[in-house]
Structure formats: C-alpha cells, structure tokens
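Asker: Shown below is the structure under consideration.
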C-alpha cells in the first residue's frame with residue numbers, strides 16, 4: 001500500500017529526467033570506483049617507475065615521475081650479477097617450487113577428492129571430516145612445528161622439505177570431492193566398469209578429462225600460493241642458493257637497514273620485486289576466471 | 001553381492017557398445033571397489049599424517065619439555081607464555097588491528113561489490129580485474145613496495161604536510177606508533193579485492209526475479225542493495241570475516257619486512273615473536289608452547305565470532321536462503 005504513491009511519483013516523472021539522473025549516478029559511481037582503482041594501481045605503477053631509477057635518482061627525483069635517464073639496463077645487469085648472481089637462482093627456484101608443488105598437490109588432491117566422491121568405504125566420513133576440519137587450521141600455524149620436526153628428521157634446507165608440506169592441500173581435496181560429485185555421473189563410471197575398465201583406468205581415461213577445469217583452478221591456486229609463500233621457506237631454508245624470490249629479496253631488503261653493510265641495494269630490490277610480480281600480473285587477466293572460481297567456492301558452498 | 005552389480009546395468013544402454021560385452025568384473029565386488037577408493041585417498045593421507053598431524057603432535061610434546069634440560073617439565077612453558085607481557089601485547093595489538101582493519105576492509109569490499117553489481121557503474125569487468133590484482137602480488141613484495149612508499153626519505157609526497165605547515169616535522173608512517181596503521185593500509189590493499197571477488201560471485205547468485213519484483217514495487221537501487229542484496233549474502237560476509245580474523249592473528253610477512261626496512265620491532269605480532277623465540281633465541285620448547293597458545297586463541301576468536309553472529313543469520317536461513 002505504502003509503495004503505491006512512490007510508484008505513481010516515479011511514473012509521473014518524464015522519461016528524460018530519469019535517464020539524466022541515472023547518468024549522474026553512473027558518473028558518481030564510476031568516479032568512486034576509479035578512486036579505489038587508483039589506490040590499487042598506484043603502488044604497482046610506482047614500482048615500475050622506481051625500478052627504472054638509480055639510487056641517487058631515487059632520492060633526488062619526484063616520487064611518481066619517471067627519471068630523465070632510465071637506468072633499467074644498468075639495474076638489470078646489477079640485479080643478475082650482485083652476490084655472484086644469486087637472483088637467478090631465486091628466480092629459478094621460485095619456478096621449481098611453484099610448478100612441482102602445484103602439479104603434485106593437484107594430482108594428490110584430485111585423486112583423493114574423486115575417491116571420496118565416487119566410492120563408499122569405511123572411514124570415508126572420517127577422512128572427509130578430517131579434511132573439512134583442517135580447512136580451519138591456518139598454514140602459518142604449522143610452520144614452526146614443521147621446522148622442529150623436519151630439523152630432527154634431516155629434511156631441513158632441502159627442496160623436498162619445502163615442497164612436501166605444501167602438498168597437503170585440504171582445500172584442494174574438499175573442492176575436488178564436491179566438483180567430482182557434480183561433474184562425473186555415476187552412470188558413466190558404471191558403464192565403464194561393465195566395459196571391463198579397472199578403477200584407476202576409469203579415473204585416468206574417463207574422469208580426468210571431465211575434472212580438468214577444476215584441476216586447472218587448483219593448479220593455479222596452488223601455484224600462486226607457493227610462489228607467494230614466504231614464512232615456510234624462510235624458516236626451512238638456510239642455503240641462499242635454495243631460496244625462492246620472496247625470501248631472497250627480503251634478505252636484500254633487510255641489508256638496506258644495516259648501516260655499513262656493503263652498498264644499499266635499492267634498485268636491485270625494486271627491480272627484483274617487479275620481476276617477481278610481473279609474470280603473474282601479465283597472465284592474471286587470462287587466469288582471473290579460474291582463480292575466482294576456486295576462491296568463491298567455499299563461500300558459495302556455504303550459502 | 002555380485003548379483004547386485006549385474007542387476008544394475010540399466011544405464012548401460014546409454015553407451016553405444018554397452019550390453020554386448022559380459023561384465024568382466026575386474027573390480028566386481030563393492031568391497032574391492034571400496035578398497036580402490038580408499039587407495040585413492042592414500043597419498044593424501046600419508047602426506048597429511050606426516051606433514052600436518054605429526055608436526056602438531058610433535059609441537060605439543062615439545063611444549064611440555066624444559067628449555068634448559070629437555071626433560072619433561074609439565075606446563076612450565078605455558079606458564080611462561082601466559083605471564084609474558086610482550087606476547088599478550090602482541091595479541092592485544094592484533095585484536096585492535098582486527099577490529100579496525102577487518103571492519104574497514106570488509107566494509108569497503110561490500111561497498112565496491114554492491115557498486116559493481118548495481119546499474120550505476122561502467123567498466124565492471126575492468127574494475128573487477130583491477131581490484132583483484134593484488135591477490136597475485138606476494139605479501140612480501142607488497143610490504144616492500146609500501147614500505148618504500150611510506151619511507152619519508154624516498155617518498156617526496158610525505159613531505160607535503162610539513163611544507164604546507166600542517167605538521168611540525170615530516171610524518172613518518174613507519175615509526176613504532178604509526179606502523180600498525182601502515183600495516184593496516186598494506187593488508188587492506190592486499191585483500192580488499194580478494195574479498196570483493198568472493199562477494200561479487202555471491203551477488204550474482206541472488207535470484208533476478210526478487211530484484212525485478214523489488215524494482216516493480218518502486219524500490220530504489222540503494223534500498224535494493226541495503227535491504228535485499230546485503231541480507232541475502234550475509235553468510236558469505238560471515239565467511240570472509242572469519243577468514244580475515246584468522247589471517248589477522250597469523251600476521252607475519254608484513255611486520256617482518258617492515259621491521260627489515262624500518263625497525264618496527266621484532267615481536268610486533270605473535271607469529272613474529274614465535275619466529276624469534278625459535279630462531280633468534282633458540283628456545284624451541286617455548287616457541288612450541290607459544291604456537292599452541294596462538295592456535296587456541298585463533299580457534300576461540302573464530303568460534304566466539306561465529307556464536308555471536310549465528311543467531312542473526314540462522315532463524316531466516318531455512319525460509320529465505322533455501323538450499
């Protein structure tokens with residue numbers, strides 16, 4: 001009842017004025033969104049500009065303006081040659097950690113999720129409960145305990161020591177079990193059995209192609225998580241040639257603060273940071289869809 | 001048992017070469033099949049036992065041992081943690097951080113998501129992508145970028161208030177008092193878009209008929225957003241708040257890097273303190289106890305928050321949100 005006058009008032013307005021007011025609102029709304037976008041882009045833009053400056057330019061030129069003479073070439077050479085070229089190890093290591101971890105974590109999680117979704121066996125519910133329960137345990141809470149354990153079994157300071165803990169990916173299992181339950185029809189699995197296929201062959205030849213989109217999502221989430229990880233490799237690694245980019249760059253950044261320790265590495269830290277974010281930023285527009293699907297999964301499943 | 005399997009090939013007809021072949025029954029019995037299913041979970045379970053359960057158990061055992069002798073010491077380390085002022089001031093700092101930063105970030109994420117979901121925005125896809133970008137930037141790199149941007153020697157813009165005479169001296173956002181707000185700025189930059197992305201997906205699941213009906217009733221976009229969309233995504237809001245509370249209590253990368261750049265202190269957050277107890281002071285037993293206490297605090301904070309809001313989201317859950 002009370003809505004009626006409102007409708008009439010709205011109807012009385014000429015269509016033109018309505019369009020005009022909505023155009024004003026659109027302009028205001030888009031302007032507000034632009035302000036937020038500047039907050040997001042400004043530091044990245046600054047990183048690009050600052051990485052083109054020499055140390056003296058960095059302190060002498062205006063913060064957000066590019067220098068008259070770009071020093072990218074010199075900075076690049078120094079980035080890859082400083083400290084007997086340790087940066088190239090870090091770059092390679094980050095790729096090794098991220099690719100190996102993402103591949104294996106996706107394989108392990110997919111197999112387990114599919115097993116939980118498509119088979120009935122004892123302890124199935126217990127395992128599922130464990131997986132869901134461990135979703136609530138933040139990975140960082142395990143870092144120091146992992147160090148203590150790996151220290152005693154001699155896994156410290158090795159590639160395996162960093163990769164193995166990251167293969168435990170409860171979210172991946174949870175995601176895949178629900179994905180597989182929806183995507184792989186039981187009738188298809190049964191039909192393949194009648195045709196005489198073994199269970200693993202059914203998984204590999206029938207289910208895997210169907211599960212592929214979900215596997216891409218898991219691979220990307222795990223890749224980004226590993227590439228960005230800092231705490232775990234910081235704690236587990238001592239040998240600088242095994243560092244990933246995050247840990248390596250943080251050691252350079254901490255040298256900035258200690259007076260008298262060699263030269264301050266401003267250009268190297270800045271250009272190194274840019275190099276370590278650039279591949280992902282360039283690929284992100286193409287990957288956004290897959291990544292977003294993984295992130296929103298937990299929230300939507302709860303709705 | 002096998003009979004049941006033979007009795008089920010109704011769907012066989014759906015495959016072209018179905019029925020002709022006799023069931024060769026390589027995995028005929030459901031029991032054998034169940035074993036295959038269990039076998040598929042085995043690689044995960046082995047890793048889970050070794051790198052998830054074992055460290056937890058090990059750190060509990062270690063936390064009960066004396067740092068000096070390594071012998072069983074009961075709750076000695078826990079008494080040390082509970083009476084340690086520095087540890088609790090770190091927890092308190094994170095509680096304050098959580099209340100301020102999480103509110104601002106989630107509020108901002110909600111506003112941005114509702115804006116992007118409204119008809120009053122152009123370039124929706126572009127903005128959704130831009131806001132999500134920081135997700136691809138490692139926390140360490142974000143902290144390095146912002147750390148330099150907030151350093152008065154490097155950022156000429158920070159000198160403007162002094163030149164204009166607003167402040168007496170150049171404001172240093174990285175001094176001990178202001179560093180907390182600097183970290184808030186960084187974390188908000190990192191995760192607002194992440195949370196907005198989750199909310200935006202949730203908003204696209206709001207049934208269009210409901211929104212159409214509201215529009216026909218003369219409901220303005222603002223009240224559609226506030227009274228229809230927001231209540232319908234409240235479970236997602238609760239979900240991302242819980243994730244944020246957990247993330248806040250575990251904060252490590254940003255204070256660690258800011259301490260490298262600007263000496264904000266090595267026990268600024270609980271996790272940073274645990275790291276230093278274990279690696280600067282070599283007191284692994286105490287670090288283990290601190291880890292356990294922090295984990296308990298995290299669980300208690302999460303459950304407390306959920307208990308408070310549950311009453312608000314549950315009574316309508318069945319009738320309004322359906323499945």
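Asker: State yes or no: is residue A:95 more than 10 Å from every other protein chain (Cβ to nearest Cβ), within 17 Å of residue A:253 (Cα to Cα) and without any contact (Cβ under 8 Å) to a residue 40 or more places away in the chain?
Answerer: So residue A:95 does not fit the description; no.
Asker: Ok, one more. On the basis of being within 14 Å of chain A (Cβ to nearest Cβ), in contact (Cβ under 8 Å) with a residue 40 or more places away in the chain, more than 30 Å from residue B:264 (Cβ to Cβ) and assigned to a loop (DSSP other than H, G, I, E, B), does residue B:119 make the cut?
Answerer: So residue B:119 passes the test.
Asker: Only residues that are under 23 Å from residue A:23 (Cα atoms), in contact with a helix residue (DSSP H, G or I) (Cβ under 7 Å, 6 or more places away or on another chain) and part of a loop (DSSP other than H, G, I, E, B): list them for segment B:191-229, please.
Answerer: Correct list: B:217, B:218.
Asker: On the given criteria, is residue A:200 in contact with a helix residue (DSSP H, G or I) (Cβ under 7 Å, 6 or more places away or on another chain) and part of a helix (DSSP H, G or I)?
Answerer: no
Asker: Which of the helices (runs of 4 or more DSSP H) contained wholly in segment A:125-183 include at least 3 residues that are more than 8 Å from chain B (Cβ to nearest Cβ) and more than 23 Å from the chain's Cα centre (by Cα)?
Answerer: The helices (runs of 4 or more DSSP H) meeting that bar are A:143-153, A:170-183.
Asker: Which of the residues belonging to segment B:259-277 are more than 19 Å from the chain's Cα centre (by Cα), at pLDDT 90 or above and facing chain A (nearest Cβ under 10 Å)?
Answerer: Across segment B:259-277, the qualifying residues are B:274, B:275, B:277.
Asker: Considering segment A:102-118 alone, what residues qualify as being facing another protein chain (nearest Cβ under 7 Å) and free of Cβ contacts under 8 Å to residues at least 60 places away in the same chain?
Answerer: Of everything in segment A:102-118, just one residue is facing another protein chain (nearest Cβ under 7 Å) and free of Cβ contacts under 8 Å to residues at least 60 places away in the same chain, namely A:115.
Asker: Still on this structure, I have one more. Whether any residue in segment B:152-165 is free of Cβ contacts under 8 Å to residues at least 40 places away in the same chain, away from every other protein chain (no Cβ under 13 Å) and not in a helix (DSSP H, G or I) is what I want to check.
Answerer: Among the residues of segment B:152-165, at least one is free of Cβ contacts under 8 Å to residues at least 40 places away in the same chain, away from every other protein chain (no Cβ under 13 Å) and not in a helix (DSSP H, G or I), which makes the answer yes.
Asker: What are the residues in segment B:207-223 that are more than 13 Å from chain A (Cβ to nearest Cβ) and closer than 17 Å to residue B:115 by Cα, if any?
Answerer: Scanning segment B:207-223 gives B:208, B:211.
Asker: Here is a follow-up. Pick from segment B:122-151 the residues that are in a loop (DSSP other than H, G, I, E, B) and surrounded by 19 or more Cβ atoms within 10 Å (Cβ to Cβ): which of them is farthest from the chain's Cα centre (by Cα)?
Answerer: For segment B:122-151, the residue satisfying everything is B:150.
Asker: How many residues does segment A:19-33 hold that are more than 7 Å from chain B (Cβ to nearest Cβ) and surrounded by 15 or more Cβ atoms within 10 Å (Cβ to Cβ)?
Answerer: Of the residues in that region, 0 qualify.
The values are calculated or read from the model by the stated rules, or taken from the named source; none is laboratory data. What you see is a predicted model, and the numbers here were worked out from it, not measured in a lab. A quick note on method: Cβ atoms are made from the backbone with ideal geometry, for glycine too, and the neighbour counts reach across all protein chains shown.
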